1. How would Val14, Val104, Val84 rank on accessible area, largest to smallest, probe 1.4 Å?
2. Arranged from highest to lowest average of other beta-carbon atoms within 10 Å per residue, in what order do the peptides 111-124, 62-75 appear?
3. Multiply the residue gap between His19 and Leu49 by 0.36 nm, knock off their C-alpha separation, and tell me the result in nm, one decimal place.
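The values are calculated or read from the model by the stated rules, or taken from the named source; none is laboratory data. From a predicted model like this one, the values you see are computed outputs, not experimental measurements. Backbone-built Cβ (ideal geometry, glycine too); neighbour counts: all protein chains shown. Calculation scope for accessible area: heavy atoms of the full protein, side chains included, ligands and nucleic acids excluded. Shrake-Rupley method; radii C 1.70, N 1.55, O 1.52, S 1.80 Å.
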Amino acid sequence: MAALTGPAAPTMCVVQLNHLGGAMARRGGAAGTVGHRDARFALRLLSPLAGAGPDGPGADLATVRALHAEALAAVEPWRLGRSVNFLFGGHGDRPDAAEVARSVHDAGEHRRLAALKAAHDPENSSASIRPGPGSRSWPGIACRPRSEK
């Protein structure tokens, strides 16, 4: 990881690794839709984009996405998915938008949320800023912006 994201990387990359578990990992009666409760660690990568600050470091979006993809590929055998709490920026325009949206929950939870959306929003009028039921980037669940109601 250090070889990919360290000083020789094409752009600055903040790498954070947190140990998970405890109360967050326990499922209660109303566990909600927290994805990947069984994860033991959370790996976060964050890089500034060009134009983010007047004189700060930054790279174009393609460079940052390529760097992050390469770093995440290095830990692929241990990956469970993504945390919706740490998806920054737009994802609907990504070539891998469907994979990003699906990776927020396991397949069973994804199906459960899609069924809830279909049952409680048959008019498809809800909207969300994050991948999930009601989001235009949620695969298989089309939504229109609230302004088009």
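1. Working: Val14 70, Val104 5, Val84 45 Å².
In descending accessible area the options line up as Val14, Val84, Val104.
2. 62-75, 111-124
3. Once the chain is fully extended between His19 and Leu49, it gains 8.1 nm.
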